[in-house]
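The values are calculated or read from the model by the stated rules, or taken from the named source; none is laboratory data. Nothing here was measured: the structure is a model prediction, and the numbers come from that model. Using ideal geometry, Cβ is built from the backbone for each residue, glycine included, and neighbour counts are taken over all protein chains shown. Ligands, DNA and RNA are stripped out before the accessible areas are found, and what is left, the full protein with its side chains, is counted by its heavy atoms. Shrake-Rupley method; radii C 1.70, N 1.55, O 1.52, S 1.80 Å.
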Amino acid sequence: MKKNIFKLMSLFCLLCGCVAFSACDDDEWGNDNAEKMNEFFFGFQDWGKLKNDVVFTVSQGSTVEIPVQFWCAGTRSFDAEAFYYVDSKLVLGTDYQIVDANGSALQPNGNGAFVMAWNLKNPDTTNNHRVQNIYLKALNGAKGDVTVLTFDPKDVGDDGKIKISNTYTPNNITSQYEVHALTQNYKVKVTIK
């Protein structure tokens, strides 16, 4: 009798475990949800243990690579753009510069954002986490810190926290797609030595 009860309990636990794992198989942003198909996420590759405390250092005259990820499953018939920002007491263009992979200076748009284009037409080989780099070059000027953010610095309070309390928030909303930034990894600090 005890063996039968044990077998039944074991079978019940196994069944509950299978149901739990299959229920987690497809999340709200999976490929099978047409409503969320063109919602993407943008954030830094290094999560900093969810504390936004990742720090890069760069010497004068050198360039640092800051990897960012764009979460998108599959391909699309369009490309997408995400925005990033810099915030510092140092002077952009005098103390540091945001550059492309070839070292050419980039300029922020009218809203103060730098635009990063993401190719979604080609197949993704990174398991839905496309990766690019933001490049910050120290220009032999003043030493100090530059914060690179996936949110407009105006959306971050004096306490360093995002004023929006969701786990993600809009980064770029268009008629074709939505790019959201995650609040767990929305900034990194670059220290220029």
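For this structure, a couple of remarks:
- Close pairs from segment 61-75: first under 18 Å from residue 147 (Cα atoms), partner open to solvent by less than 20 Å² (accessible area, probe 1.4 Å) and in a loop (DSSP other than H, G, I, E, B), Cβ under 9 Å, at least 6 apart: 66/54; 68/150
- Close contacts from segment 84-111, counting a first residue that is within 21 Å of residue 151 (Cα to Cα) and in contact (Cβ under 8 Å) with a residue 24 or more places away in the chain and a second that is assigned to a strand (DSSP E or B) and open to solvent by 50 Å² or more (accessible area, probe 1.4 Å), with Cβ to Cβ under 6 Å and a gap of 6+ residues or different chains, come to 97/105; 97/137; 99/105; 99/137.
- Residue pairs whose Cβ atoms lie under 7 Å apart, separated by 6 or more positions or on different chains, with the first residue in segment 124-138 and of a type in the set (Asp, Glu) and the second in a strand (DSSP E or B), are 124/130.
- Residue ranges of strands (runs of 3 or more DSSP E) in segment 111-193 with at least 1 members modelled with pLDDT of 95 or more and farther than 28 Å from residue 37 by Cα: 129-138, 144-149, 187-192
- Of all residues in segment 151-165, one or more are touching a helix residue (DSSP H, G or I) at 6+ places or on another chain (Cβ under 8 Å), basic (Lys, Arg) and either closer than 18 Å to residue 45 by Cα or without any contact (Cβ under 8 Å) to a residue 40 or more places away in the chain (or both).
- Taken residue by residue, segment 91-100 has at least one member that is open to solvent by 30 Å² or more (accessible area, probe 1.4 Å) and either at pLDDT below 95 or assigned to a strand (DSSP E or B) (or both).
- When segment 101-115 is filtered for residues that are closer than 14 Å to residue 136 by Cα and either open to solvent by less than 50 Å² (accessible area, probe 1.4 Å) or of a type in the set (Lys, Arg) (or both), the ones remaining, listed by number, are 103, 108, 114.
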